[in-house]
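The values are calculated or read from the model by the stated rules, or taken from the named source; none is laboratory data. Because the structure is predicted, anything quoted here is derived from the model rather than measured. So basically every Cβ, Gly included, is an ideal-geometry build from the backbone, and we count neighbours across all protein chains shown. The accessibility values were calculated without ligands, DNA or RNA, using every heavy atom of the protein model including side chains. Shrake-Rupley method; radii C 1.70, N 1.55, O 1.52, S 1.80 Å.
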Amino acid sequence: MKEFQKDLIDWYIKNHRPLEFRLKKEPYEIWISEIMAQQTRIEAMLPYFKRWMQLLPNIESVAKCDDEKLNKLWQGLGYYSRCKNIKKCAIECVEKHNGKLPCTKEELLKLPGIGPYTAGAIASIAYGQRVSAVDGNVIRVFSRLYDIYEDVTKTSVKKQIEMLVDESLPSKEEISYYNQALMELGALICIPKSPRCDICPIKKYCEASDPASLPYKPKKSARKIEYKHVYVWIHQNKVHVVKRADTGLLAGLYGFDETKPEHIIESIELKPYIHIFSHVEWHMDATLCIVDREDSNYKTIEEIEEYIALPSAFMPFMKQVEEYLWKK
DNA sequence: AAGGCGGGGGG
DNA sequence: CCCCCAGCCTT
């Protein structure tokens, strides 16, 4: 058992970034911010969080909100199943928990989209429960603190670290600060590439022989490459969009066609674009097709901006089409 | 246990 | 170019 907690918390109180979504400690806000922060940098999710809270100030409003509007609010943030799970979770809270989030880690874990980290974060930060919240930062900090060089992507090693964190938890009064302090240390000092050990507040407790080489993770397998040809159909000032399948990549969002339309008046080649996802690359060529008839899937630029959730993979083509329509 | 699932920033 | 990020779910 180490005794770094006090030094860490003191450092945190003086040096942490003010994260506005954690000031009120409103469970609803903690929940939404934690979901948005999964695999996502804080700076990236902040504007999304603000917009979300303005439009959806409480759990009931999320439970009632239609999926298209939620997807639009999530557009560009990625991992869209998070958004779908938020809605499912909100409905479950309204139906089973009196419109509120449960307050124990155990109960939170049963809800859709809430795993061990998020359950621990909500329980400890919003409700002051004495439980751990182990995210990637905490894994990194502890793997260095205890010089653990095993593969942290393995369940057994993650469990081992979680046990160490559980043993390290301070009193209930300090739990919220402590969990946040571990993460903030990971985000500001104990960073992945070149850890700033020279200014680390708990350096004297750290056993890492070569901190920069920890935590150990095996190399990821190479991404698959998929070649696509995108056809952007337009008619007068409208663009044809299609809703994607409700499973798989970018499920339920909108995209462009991958087939040629009939009744083409003119075709214009667009600039190709490669979009990189975590596990696949789309190498896309694209053609703008001016069509001489219309159906209900043709939308104006304004309609698309207002309520069509178009993922980033298609944005470069959307921009080119806007430019074309604007010049016309 | 392994792989699917986004997107963007930084070395 | 690679890695990483306040992870979770499905298979």
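Restricting attention to region A:32-43, the residues that are within 11 Å of DNA strand C (Cβ to nearest atom) and part of a helix (DSSP H, G or I) add up to 7.
Is at least one residue of region A:77-99 outside any helix (DSSP H, G or I), more than 27 Å from A:F277 (Cβ to Cβ) and open to solvent by less than 40 Å² (accessible area, probe 1.4 Å)? Lay out the reasoning, then the answer.
Filtering region A:77-99 for residues outside any helix (DSSP H, G or I) gives A:77-80, A:97-99.
If we keep only those that are more than 27 Å from A:F277 (Cβ to Cβ) as well, we get A:97-99.
Among the residues that remain, those that are also open to solvent by less than 40 Å² (accessible area, probe 1.4 Å) are: A:99.
Checked region A:77-99: at least one residue is outside any helix (DSSP H, G or I), more than 27 Å from A:F277 (Cβ to Cβ) and open to solvent by less than 40 Å² (accessible area, probe 1.4 Å).
State the number of residues belonging to region A:168-219 that are among the charged types (D, E, K, R), outside any helix (DSSP H, G or I) and more than 24 Å from A:R130 (Cβ to Cβ). Residues meeting the conditions: 6.
Among the residues examined, A:L46 qualifies as in the same structural domain as A:E184 (by TED's automatic domain parsing), assigned to a helix (DSSP H, G or I) and either open to solvent by 50 Å² or more (accessible area, probe 1.4 Å) or among the hydrophobic types (A, V, I, L, M, F, W, C) (or both).
Look through region A:274-288, keep the residues that are of a type outside the set (A, V, I, L, M) and farther than 14 Å from A:Y324 by Cβ, and return whichever of them is least open to solvent (accessible area, probe 1.4 Å).
Here the residue is A:W282.
Within region A:223-258, can you find the residues that are open to solvent by less than 80 Å² (accessible area, probe 1.4 Å) and outside any strand (DSSP E or B)? Once the filter is applied, which keeps residues that are open to solvent by less than 80 Å² (accessible area, probe 1.4 Å) and outside any strand (DSSP E or B), region A:223-258 yields A:V241, A:R244, A:A245, A:G248, A:L249, A:L250, A:A251, A:G252, A:L253, A:F256.
Considered as a group, the residues in region A:1-31 that are loosely packed, with under 15 Cβ neighbours inside 10 Å and assigned to a helix (DSSP H, G or I) include one that is farthest from DNA strand B (Cβ to nearest atom), and that residue is A:K6.
Pairing residues of region A:34-62 that are in contact (Cβ under 8 Å) with a residue 60 or more places away in the chain with residues that are charged (D, E, K, R), at Cβ distances under 7 Å and at least 6 apart in sequence or on separate chains, gives A:I35/A:R82; A:Q38/A:R82.
For A:V291, state whether it is open to solvent by less than 40 Å² (accessible area, probe 1.4 Å), more than 30 Å from A:L55 (Cβ to Cβ) and either away from DNA strand B (no atom under 16 Å from the Cβ) or assigned by TED's automatic domain parsing to the domain that holds A:Y231 (or both). Yes, satisfied. Residues in region A:178-195 that are of a type in the set (A, V, I, L, M) and closer than 22 Å to A:S278 by Cα were compared, and the one that is farthest from DNA strand C (Cβ to nearest atom) is A:I191.
Filtering region A:167-183 to residues that are open to solvent by less than 70 Å² (accessible area, probe 1.4 Å), closer than 15 Å to A:F4 by Cα and within 26 Å of the chain's Cα centre (by Cα) leaves A:I175, A:Y178, A:N179, A:Q180, A:A181, A:L182, A:M183.
Residue count for region A:196-222 under the criterion of being open to solvent by 50 Å² or more (accessible area, probe 1.4 Å) and within 8 Å of DNA strand C (Cβ to nearest atom): the result is 4.
Note on region A:101-132: residues that are more than 21 Å from A:Y178 (Cα to Cα), in contact with a Phe, Trp or Tyr (Cβ under 8 Å, 6 or more places away or on another chain) and open to solvent by 50 Å² or more (accessible area, probe 1.4 Å) amount to 0.
Just to be sure, is A:K271 open to solvent by 30 Å² or more (accessible area, probe 1.4 Å), of a type outside the set (S, T, Y), in contact with a Phe, Trp or Tyr (Cβ under 6 Å, 6 or more places away or on another chain) and assigned by TED's automatic domain parsing to the domain that holds A:M284?
On the way: open to solvent by 30 Å² or more (accessible area, probe 1.4 Å): yes; of a type outside the set (S, T, Y): yes; in contact with a Phe, Trp or Tyr (Cβ under 6 Å, 6 or more places away or on another chain): no; assigned by TED's automatic domain parsing to the domain that holds A:M284: yes.
It is false that A:K271 is open to solvent by 30 Å² or more (accessible area, probe 1.4 Å), of a type outside the set (S, T, Y), in contact with a Phe, Trp or Tyr (Cβ under 6 Å, 6 or more places away or on another chain) and assigned by TED's automatic domain parsing to the domain that holds A:M284.
Would you say A:K193 is in the same structural domain as A:S143 (by TED's automatic domain parsing), open to solvent by 40 Å² or more (accessible area, probe 1.4 Å) and either at pLDDT 95 or above or aliphatic (A, V, I, L, M) (or both)? Considered against the rule, which asks whether it is in the same structural domain as A:S143 (by TED's automatic domain parsing), open to solvent by 40 Å² or more (accessible area, probe 1.4 Å) and either at pLDDT 95 or above or aliphatic (A, V, I, L, M) (or both), A:K193 comes out as no.
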